[in-house]
Amino acid sequence: MAAGGPAARAEDDRGGLRTALAGLTTRGRSFFAAGIAAAVCAYVLGQSDLLRVGLLLTVLPLVCAAVLYRTRYRVAGSRRLSPARVPAGSEARVHLRMDNVSRLPTGLLMLQDRVPYVLGPRPRFVLDRVEAGGRREVSYRVRSDLRGRYPLGPLQLRLTDPFGMCELTRSFSTYDTLTVVPRVEALPPVRLTGEAKGYGDGRHRSLALAGEDDVIPRGYRYGDDLRRVHWRSTARYGELMVRREEQPQRSRCTVLLDTRGVAYQGAGPDSAFEWAVAGTASALVHMLERGFSVRLLTDTGNSLPGEGADGFAGASQESADAAGLMMDTLAVIDHSEGAGLSRAYDVLRGGNEGLLVAFLGDLDDEQAAVIAKMRRRSGAAVAFVLDSAAWTQGPLPTPSAAAQHSVRLLNEAGWTAVAVPPGVTLVDLWRQADRLRTSAGPAPTAGTTAGGRA
């Protein structure tokens, strides 16, 4: 920061002096007070030797503060997260590196990093003398049971004199972000969509995404195989046209997450809403691994990865980026203020959504009717309805009457609906939904029935 003249420089010096004096430790303040007291006693008693001791005790902490304030260590600090995205309940390691880029060795350095309290205590390290051009590396672990995005930093360097009279803190400006995503359960492959074993004729498919050929002829491009020239189209358009290979098809899946605040009770890592978020993450990852084109939809009508590529993430490099985007979104998603699911219903197109997997909170008759209508806009639908009464009051022998009523309405509309009590894993419910679907048989839908092994 540039100074504005002699007056400004004098003001900066006074501010720097106040900063240095404020950095006096308990030992430094005690020495200073003892020196003043000794000087006063020496003056009263007329003891010159005691006056010399008092002056020494008074000047020593002031000299240490001045020397420490004038010290100009040139050090560079860096931080590396391993990994930068971690599931809730798992640990990440933070690596700190300190480089001495000056030509002079440093004294004793105390290094500390600022972390949110949910990640654990603030880490502190003592670094011995760092030679000119040398480096020191330390690391610590962080862990959180709560998903979210947590800033790490800035890194702080505490300087101290050899006598421990004064400490000054200097901070670096950079920080990093640790993303804690929901826990993901490995789900078994089941036939939730009702495809008959050994057959795939009923499979509802969509055209593959970018990087694969379309089904109509296109203009010749340099490097195209001449055996693919479509002579009839060439004669029609007057330019060389080539056939596009028959395009592979890919099943679609939409995962709907109900985030309405009125639909859930309780809070914390063991709440019903956190279970729904973790279940959504598990379903998204599982469907992407099975080769489905996947998107995340919430009750607010927002969908990821977005409107590009027809709103779905396919099996390509872009799908990995979209999966990371969806997981980052689930890491910070919170309750919405809405009371209805009509916006999500408007996003769904008629009969062209493939498999629909929904994680729902408490439903009244009106919202259950909206969810029931979504069945007509998908090839197949599976719903996991959380029973808030059981999650807040403890495990119940049977689901509450409200939860049973919602599940019955959805099953009558063609859904495969399962009530979610506390303490049950998504893997068990996933298999239970498969058994219910198999015993009930595929329900008639508008358009072609979706299929595939999920």
Exercise. With (1) in contact (Cβ under 8 Å) with a residue 40 or more places away in the chain; (2) of a type outside the set (S, T, Y); (3) not in a loop (DSSP other than H, G, I, E, B) as the list, and R136 as the residue in question, which single condition is left unmet?
Worked result: (1)
For this session: Take segment 152-184 and flag every residue that is touching a helix residue (DSSP H, G or I) at 6+ places or on another chain (Cβ under 9 Å), part of a strand (DSSP E or B) and either without any contact (Cβ under 8 Å) to a residue 60 or more places away in the chain or exposed (fewer than 14 other Cβ atoms within 10 Å of the Cβ) (or both).
Result: none
Exercise. Quick one: would you say D434 is touching a residue at least 24 places away in the same chain (Cβ under 8 Å), surrounded by 15 or more Cβ atoms within 10 Å (Cβ to Cβ) and not in a helix (DSSP H, G or I)?
Worked result: no
For this session: Report whether or not R80 is open to solvent by 50 Å² or more (accessible area, probe 1.4 Å), touching a His at 6+ places or on another chain (Cβ under 7 Å) and not in a loop (DSSP other than H, G, I, E, B).
Result: yes
Problem set entry | Extreme residue, most open to solvent (accessible area, probe 1.4 Å), among residues of segment 269-315 that are modelled with pLDDT under 90 and hydroxyl-bearing (S, T, Y) | S303
Exercise. Out of all the residues in segment 143-154, is one or more among the aliphatic types (A, V, I, L, M) and closer than 20 Å to R70 by Cα?
Worked result: no
Exercise. Among A450, A402, which is more than 30 Å from the chain's Cα centre (by Cα), at pLDDT below 90, closer than 22 Å to V277 by Cα and open to solvent by less than 70 Å² (accessible area, probe 1.4 Å)?
Worked result: A402
Exercise. Restricted to segment 270-304, and to residues that are small (G, A, S) and in a loop (DSSP other than H, G, I, E, B), which residue is nearest to R260 (Cα to Cα)?
Worked result: G301
For this session: Would you check if V63 is out of contact with any His (no Cβ under 7 Å at 6 or more places or on another chain), without any contact (Cβ under 8 Å) to a residue 12 or more places away in the chain, surrounded by 13 or more Cβ atoms within 10 Å (Cβ to Cβ) and not small (G, A, S)?
Result: yes
Exercise. Of the conditions (1) in contact (Cβ under 8 Å) with a residue 24 or more places away in the chain; (2) open to solvent by 70 Å² or more (accessible area, probe 1.4 Å); (3) assigned to a strand (DSSP E or B), A92 fails just one. Which one is it?
Worked result: (2)
For this session: Could you grab me the full set of residues in segment 109-133 that are over 18 Å from S171 (Cβ atoms), of a type outside the set (V, I, T) and in contact (Cβ under 8 Å) with a residue 24 or more places away in the chain?
Result: L119, R129, E131, A132, G133
For this session: Considering each residue of segment 103-133, count those that are open to solvent by 20 Å² or more (accessible area, probe 1.4 Å), assigned to a loop (DSSP other than H, G, I, E, B) and among the β-branched types (V, I, T), and give that number.
Result: 1
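The values are calculated or read from the model by the stated rules, or taken from the named source; none is laboratory data. Since this is a predicted model, take the numbers as computed values, not measurements. As a convention, Cβ positions derive from the backbone with ideal geometry for all residues, glycine included, and neighbour counts pool all protein chains shown. Protein only, heavy atoms only, side chains kept; ligands, DNA and RNA dropped before computing areas. Shrake-Rupley method; radii C 1.70, N 1.55, O 1.52, S 1.80 Å.
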